[in-house]
Amino acid sequence: MRCATRACLMMMLALATQGLTQVENTLDLTTPEVRRRDEARTTSCGAFSGGIVTSGGPVPEPELPLAVQLESLDRTHYKARDEVVGEVRVTNVGAKPVMIPWSPDPETVFRKNCEWRPKSLGVTAQKAMISLEFEDEAGFTQFIASHGLYGISSNAETYRKLAPHQTAVIKIWGTVDFYNMIEERRAKGLEFKLPQKFAARARFEVDDSSFWVAYKTLRSTNQIRVRVEPAE
């Protein structure tokens, strides 16, 4: 396609830039390399901050201007212990750019003893947890997939800065297992049976070294209904 006018050239440049941005803001946590790293990891470092209580009560959690959507699942019918793969879309719905962590390596922000790595003034670190959860009809939930993401402001490769209305898509994976849900239901005298239908949702939790408290947990504005059968 040839452009004879300035308007046409500008449109082609915008489309090319948009395509580049979409590729740049796609993160795949299902690759063999990431899976091997997850399996080899023996420790999990905690958050930078904890809940702060003052004389006036707990400090309110700050909110990120982000919208989370469960974009897709690889299917809607599973058996227990099946692998599940999903895509989560995170969109900046605010008026200013927002930084989100992008590296699956915790050593981006933590040392091996879980000590916070950056010491320089003005350096901000973030830890996030992106997850997929199944909720049964009684309201009990189970994490099916959960991945840590880490970013530090001194290394641009470890984070993405989303402009207003810009999105990032993150691909995650996990295993259909209901061990926590079974225990929680049992504690309340309730049985757990399959087959059963569940509501699948995504959640995104971010902790920032520059705040005393973590950001408010974000949950997907949509859900995908799935059916799970017993394992053979």
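General observations
- The stretch 147-172 and the stretch 58-127: distance between their alpha carbon centers, rounded to Å: 8 Å
- Candidates per GluC sites (Glu not before Pro) in the stretch 82-169, loop by DSSP, up to 16 other Cβ within 10 Å: 115, 137
- Using a simple spin-label model with pseudo-atoms 7 Å out from Cα toward Cβ, residue 83 and residue 107 lie 2.5 nm apart.
- In the structure shown, the pairs 79/188; 171/197; 193/216; 188/216 are assessed against 30 Å; a Cα-Cα span above that value is assigned to 193/216.
- Stretching residue 182 away from residue 141 to a fully extended chain increases their span by 13.8 nm, per 0.36 nm per residue minus the current alpha-carbon distance.
- Counting beta carbons within 10 Å around each of 182, 170 and listing the fewest first gives the order 182, 170.
- Scaling against 2.2 N^0.38 Å puts the C-alpha radius of gyration of the stretch 171-228 at 1.51.
- Extension gain for the segment residue 211 to residue 41, taken as residue separation times 0.36 nm less the Cα-Cα distance, is 58.5 nm to one decimal.
- Once the C-beta distance of residue 161 and residue 115 is scaled by a Förster radius of 30 Å, the resulting FRET efficiency is 0.70 to the nearest 0.05.
Each reported figure results from applying straightforward, stated rules to the coordinates on display, with no laboratory input. Worth saying up front: this structure is predicted, and the values here are computed from it rather than measured. Methodologically, a virtual Cβ is constructed for each residue, glycine included, from the backbone with ideal geometry; neighbour enumeration extends over all protein chains shown.
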